[in-house]
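Working notes for the structure below.
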């Protein structure tokens, strides 16, 4: 997987990728989500190796913001309606080509970005259209270690 040797940036979706895609609210209307601790540790390891970690999600979420502040990790951009245009601007800002980007997605709104990056990844529980364009489909589901699986794959090729 030659494309993995070139990865300089990992872009992630949140719901269905970093989480299982379930969103809950407590009795006072506060949103909650569950994140996988192995994913978090993996992302820290990736950043230590100089790979930029970016999260681009379509909806704002206090639990997501809290998780990334807790990890002191990467860059989080929420309420992004056009992930592709946003990613293009980030790539330009950092001087990174699409071929140097890995993106992990799960749903139809991720398709344009998946088609643009050098290494598109679908989580096991992604919709079939996303799986069709992916170069890699994780053996684990989103929120259940899929991101760590991708991180370990990237780390195996950059060492």
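The values are calculated or read from the model by the stated rules, or taken from the named source; none is laboratory data. On a predicted model such as this, the values are computed, not experimentally measured, just so you know. Glycine gets a Cβ as well: all are built from the backbone with ideal geometry, and neighbour counts include every protein chain shown.
Observations
- Screening the candidates 43, 90 for the property of being touching a helix residue (DSSP H, G or I) at 6+ places or on another chain (Cβ under 7 Å), part of a helix (DSSP H, G or I) and within 16 Å of residue 10 (Cβ to Cβ) yields one hit, 43.
- When residue 23 is tested against (1) surrounded by fewer than 16 Cβ atoms within 10 Å (Cβ to Cβ); (2) out of contact with any strand residue (DSSP E or B) (no Cβ under 9 Å at 6 or more places or on another chain); (3) at pLDDT below 85, just one condition goes unmet, and that condition is (2).
- Some residue of region 119-141 being free of Cβ contacts under 8 Å to residues at least 12 places away in the same chain and in contact with a helix residue (DSSP H, G or I) (Cβ under 9 Å, 6 or more places away or on another chain): no
- Tallying residues that are in contact with a helix residue (DSSP H, G or I) (Cβ under 8 Å, 6 or more places away or on another chain), within 19 Å of residue 107 (Cβ to Cβ), in a helix (DSSP H, G or I) and modelled with pLDDT under 90 within region 54-87 yields 0.
- Members of region 107-136 found to be assigned to a strand (DSSP E or B) and over 13 Å from the mean Cα position of the chain (by Cα), listed by number: 136
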